[in-house]
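Encoded as structure tokens, the structure appears first; notes follow it.
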Amino acid sequence: MSVAPLLAINDLQMHFPVREGILLRAKRSCRAVDGVNLTIAHGETLGLVGESGCGKSTLGKCIARLYQPTGGSIVFQGDDLAHEKGAALKAHRRNLQMIFQDPVESLNSRHTVGDIIAEPFMIHKMGDDAWRRQRVQELLAKVGLPANAADRFPFEFSGGQRQRIGIARAIALKPKLIVCDEPVSALDVSIQSQVLNLLLDLQREMKLSYLFIAHNLAVVKHVSDRIAIMYLGRIVELADADTIYRAPRHPYTRALTSAIPEPDPTRNKQRIVLQGDVPSPINPPSGCPFHPRCPHATDRCKVEVPQLRAAGEPGQQVSCHYDL
């Protein structure tokens, strides 16, 4: 008997209205997320990779219900969150949290660290003041910060320490799933590995699931069980992490993997350079969204949208008309 996934996204869409003219009427829309299907299993880390502007962060915010999606479903623990509001949505937020990209902007500079970490307990009316102070101390220790950090303000900490504060807030309610929106991209390289190792340790200890959003394939490989490649609001390839690096099937994935730096200076690695720029999600190309930049595009690619299909190795799916 198969176990139901923790999260199942079906045909998820997020279209933002583009207002134009003197009356600011919405005549067009920006298709930031345009028909995404994904699942995340219990205890799994799904990496989500793509260029800036491809819709990764928008997808993560839809899952966390910071945005209400235009269409589709977000089934989390058996309930569809896509259109839930009020108390019903608030109840699910205990099990679904988010770590933001910028630890400066995501922390209230007027609140102490203790108040920031204790805020989830206050919102959900959990415990008294003494219990909350104790839990704050436990969470600070769990993410590697000193006890006296509770009485200080975010600006007194380094970028890596601020991100640890954000992680402490995200795990405070013992969630089942955390959306990690590029949690290390704003940090120094020397600090990135420390934060990544912290996330892995917390996952093992608390049995967490992650949606790990990033634009760096090398970072995602370190933490992910499976990886989804996103382009212009759509998933173009999905496979386990080793398969994505060893045997990518989609031309876009091959271009991304070819850009990963090679640590061996004696190895000559051929770089695949894509021509042109990413099309606008306001005016996407017809047919396959990647066809204007694809070296293998045919007339069929210009008129017919490819669907995710099984190709290559077991569990691998590719959105391409051809077996390349």
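At-a-glance table
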| item | result |
| --- | --- |
| All-pairs alpha carbon distance profile, segment 40-166, 5 Å steps from 0, percent | 2, 9, 16, 18, 18, 17, 13, 6, 1, 0 |
| Unit charges at the beta carbon, dipole of the chain: most positive-side option, 268, 203, 149 | 149 |
| Computed over the chain, Kirkwood Rh from alpha-carbon pairs, angstrom | 21.1 Å |
| The chain, relative contact order in percent, only Cα pairs under 8 angstrom and at least six apart counted | 20 percent |
| Average projected area [Cα convex hull, segment 211-255], square nanometres | 3.0 nm² |
| Net dipole in debye of segment 196-324 [+1 Lys, Arg Cβ; -1 Asp, Glu Cβ; about Cα centre; nearest 20] | 180 debye |
| Theoretical ellipticity at 222 nm over the chain - DSSP helices of four or more residues, -39500 (n - 2.57) apiece, nearest 500 | -9000 deg cm²/dmol |
| Under-13-angstrom lysine pairs by C-alpha in the chain, whenever the two are 8 or more apart or on separate chains | 4 |
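Taken together, the values in this text are just the output of simple stated rules run on the coordinates, not laboratory data. Model, not experiment: these values are computed from the prediction. Methodologically, a virtual Cβ is constructed for each residue, glycine included, from the backbone with ideal geometry; neighbour enumeration extends over all protein chains shown.
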